[in-house]
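One structure below.
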Amino acid sequence: MIILACATERELREMLAGLEKPVENGAVRVAGCRILPCVTGVGPVAAGISAGEALARHPEATGMINAGICGSFDPERFPLGGICVARKEVWPEYGVRTDVETTPLDYPMFPDMELDAANELRLDPVFCAGEMNLRLPEAWSQGVSLTVAGVSGCPGRADFLRERYGAATENMEGFALALAARRRGIPFLEIRTVSNLAGERDKKKWNFRQAFASLRSVLPMMLEGA
Ligand SMILES: O=C(O)c1cccc(C(=O)CC[C@H]2O[C@@H](n3cnc4c(=O)[nH]cnc43)[C@H](O)[C@@H]2O)c1
């Protein structure tokens with residue numbers, strides 16, 4: 001059974017739209033795959049708590065997908081409405097903050113867990129998709145995904161994060177969910193659709209509707225042939 005974790009009801013609804021889904025003990029069966037829908041709430045704290053609860057309640061979970069909308073640092077490779085796959089998750093706010101930047105703490109989040117850096121998790125989306133018997137279309141761009149509690153609210157912050165981390169996209173839950181899956185030892189995939197440019201405050205330039213519409217195409221493509 002795969003946990004499908006989305007921050008909001010709306011994102012979850014779009015992910016499951018149009019798919020046949022007879023209910024089985026809270027899970028839904030979609031094209032032969034058992035999926036447990038989970039609304040995590042917005043932000044890394046809510047997501048971490050929700051992931052812990054879901055994994056405790058469902059020790060039989062064999063994988064986790066995090067799906068939702070995101071901001072893009074690179075509109076050429078990750079345009080509005082585009083589907084992107086995280087190949088690394090970074091939590092840039094974990095560390096020592098100066099006026100200039102945040103340097104990762106020497107102290108690990110979990111002393112019994114080795115991360116790639118104190119606040120980074122390398123992901124392996126192709127391998128994890130295979131482990132979950134899912135397709136990962138090659139057309140979906142892969143990039144570094146940042147998880148923040150504070151959404152980038154100006155171009156300067158977005159420019160800094162893009163340069164510092166080689167970041168492709170920004171979201172508010174991915175790192176927490178990836179860490180929970182890593183700790184449990186199950187495969188993890190993060191698939192997001194772009195709703196806005198990171199750091200762009202002009203809502204007329206956002207396109208949440210297009211990002212939600214793109215979410216509808218994600219599961220059917222991943223389940224093709226399943
Ligand atoms: O009020 C704002 O400035 C603002 C800017 C962007 C997004 C929001 C949201 O309420 C959405 C948060 C929700 O969606 C994901 N998301 C979407 N775009 C971004 C982003 O640019 N930076 C971080 N997270 C984003 C996020 O995962 C949340 O679940 C508000």
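The values are calculated or read from the model by the stated rules, or taken from the named source; none is laboratory data. Small disclaimer: the values here were computed from a predicted structure and weren't measured. Here Cβ is always computed from backbone atoms with ideal geometry, including for glycine, and neighbour counts include all displayed protein chains. Heads up: the accessible areas ignore ligands, DNA and RNA and are worked out on the full protein's heavy atoms, side chains in. Shrake-Rupley method; radii C 1.70, N 1.55, O 1.52, S 1.80 Å.
Take the conditions open to solvent by less than 60 Å² (accessible area, probe 1.4 Å), acidic (Asp, Glu) and either farther than 21 Å from Arg192 by Cα or in contact with a Pro (Cβ under 7 Å, 6 or more places away or on another chain) (or both) and apply them to Glu101. Does it pass? Yes. Kindly indicate whether any position in segment 196-210 is under 14 Å from the mean Cα position of the chain (by Cα) and either open to solvent by less than 20 Å² (accessible area, probe 1.4 Å) or within 16 Å of the ligand (Cβ to nearest atom) (or both). So far as segment 196-210 goes, no, none of its residues is under 14 Å from the mean Cα position of the chain (by Cα) and either open to solvent by less than 20 Å² (accessible area, probe 1.4 Å) or within 16 Å of the ligand (Cβ to nearest atom) (or both).
Among the residues examined, Arg77 does not qualify as in a strand (DSSP E or B), in contact with a strand residue (DSSP E or B) (Cβ under 7 Å, 6 or more places away or on another chain) and surrounded by fewer than 18 Cβ atoms within 10 Å (Cβ to Cβ). Looking at the structure I just gave you, is Arg87 surrounded by fewer than 17 Cβ atoms within 10 Å (Cβ to Cβ) and within 15 Å of the chain's Cα centre (by Cα)? No, not satisfied.
Scanning segment 144-192 for residues that are among the small types (Gly, Ala, Ser), within 14 Å of the ligand (Cβ to nearest atom) and closer than 26 Å to Ala51 by Cα turns up Ser145, Ala149, Gly150, Ser152, Ala167, Ala168, Gly174, Ala176, Ala178.
The number of residues in segment 5-31 that are closer than 14 Å to Ile69 by Cα and either open to solvent by less than 60 Å² (accessible area, probe 1.4 Å) or in contact with a strand residue (DSSP E or B) (Cβ under 6 Å, 6 or more places away or on another chain) (or both) comes to 9. Glu53 - would you say it is open to solvent by 50 Å² or more (accessible area, probe 1.4 Å), in a helix (DSSP H, G or I) and either closer than 19 Å to Ala7 by Cβ or modelled with pLDDT under 95 (or both)? Answer is yes for this residue. Out of the residues in segment 63-102 that are modelled with pLDDT under 95 and among the hydrophobic types (A, V, I, L, M, F, W, C), which is nearest to Asp159 (Cα to Cα)? Here the residue is Val100.
Among the residues of segment 122-143, those identified as more than 19 Å from Met64 (Cβ to Cβ) and surrounded by 13 or more Cβ atoms within 10 Å (Cβ to Cβ) are Pro137, Ser141, Gly143. Within this structure, Arg34 fails the test of being free of Cβ contacts under 8 Å to residues at least 24 places away in the same chain, open to solvent by 20 Å² or more (accessible area, probe 1.4 Å), part of a strand (DSSP E or B) and of a type in the set (Lys, Arg).
Flag not set for Gly166, criterion: open to solvent by 40 Å² or more (accessible area, probe 1.4 Å) and closer than 30 Å to Glu60 by Cβ.
For (1) at pLDDT 95 or above; (2) in a helix (DSSP H, G or I), each residue gets a yes or a no:
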residue	(1), (2)
Leu134	yes, no
Gln142	yes, no
Gly150	yes, no
Ala158	yes, yes
Leu161	yes, yes
Ala168	yes, no
Arg182	yes, yes
Gln210	yes, yes
Gly225	no, no
